[in-house]
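Structure record follows, encoded as structure tokens.
The values are calculated or read from the model by the stated rules, or taken from the named source; none is laboratory data. As the structure is a prediction and not an experimental result, all values here were calculated from the model. Don't worry about glycine lacking a Cβ; one is built from the backbone with ideal geometry, like all the others, and counts go over all protein chains shown. For the accessible areas, the whole protein counts, side chains as well, though only heavy atoms, and no ligand, DNA or RNA atoms are used. Shrake-Rupley method; radii C 1.70, N 1.55, O 1.52, S 1.80 Å.
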Amino acid sequence: QVQLVESGGGLVQAGGSLRLSCAASGSIDRINGMGWYRQAPGKQRELVAVITNVGRANYADTVKGRFTISRDNAKNTVYLQMNSLKPEDTAVYYCVAQRIGVDIWGQGTQVTVSS
């Protein structure tokens, strides 16, 4: 089994920054992609950013230029640096890891951006 523990969420004013972290533990061998999704109230979960184990990243258009995903394979941790935050970024952010074709999800961390 793989366990994902997220941290770094919170309340921030518009224009501010937050950094999310997600640490993987357990059966971490053969984890390929890791990333972040988010779900706002009343909306479907959506992709924010993902990164492969060789560092290739993809972003949702809504966060390009503002968010940066990175990964420390030695620490089995993925990060999401979020800058220039907007109220519409308010959501629960979920970490995801893909292992042998199976998506494993974290519990989520709340990010709230006030206007």
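Looking at (1) assigned to a strand (DSSP E or B); (2) under 16 Å from G8 (Cβ atoms); (3) free of Cβ contacts under 8 Å to residues at least 60 places away in the same chain, can you tell me which one N58 breaks?
The failed condition is (2).
Which pairs turn up if I take residues in the range 82-109 that are open to solvent by 30 Å² or more (accessible area, probe 1.4 Å) and look for partners that are of a type in the set (S, T, Y) and not in a strand (DSSP E or B) with beta carbon separation below 8 Å, at least 6 apart in sequence or on another chain?
Correct list of pairs: N83/S17; S84/S17; P87/S115; E88/T62; R99/S27.
Each row is one residue, and each column tells you yes or no for (1) under 19 Å from S115 (Cβ atoms); (2) at pLDDT below 95; (3) open to solvent by 40 Å² or more (accessible area, probe 1.4 Å); (4) not in a strand (DSSP E or B).
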position: V12; (1), (2), (3), (4): yes, no, no, no
position: L20; (1), (2), (3), (4): no, no, no, no
position: Y37; (1), (2), (3), (4): no, no, yes, no
position: V48; (1), (2), (3), (4): no, no, no, no
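If only one of T62, T90, T109, T68 is within 12 Å of L4 (Cβ to Cβ) and β-branched (V, I, T), which one is it?
Values: T62 fails: within 12 Å of L4 (Cβ to Cβ); T90 fails: within 12 Å of L4 (Cβ to Cβ); T68 fails: within 12 Å of L4 (Cβ to Cβ).
Answer to the check: T109.
Run down G55, G8, G33, G16 and say which single residue is of a type in the set (G, A, S) and surrounded by fewer than 14 Cβ atoms within 10 Å (Cβ to Cβ). Let's see the steps before the verdict.
On the way: G8 fails: surrounded by fewer than 14 Cβ atoms within 10 Å (Cβ to Cβ); G33 fails: surrounded by fewer than 14 Cβ atoms within 10 Å (Cβ to Cβ); G16 fails: surrounded by fewer than 14 Cβ atoms within 10 Å (Cβ to Cβ).
Sole residue among the options that is of a type in the set (G, A, S) and surrounded by fewer than 14 Cβ atoms within 10 Å (Cβ to Cβ): G55.
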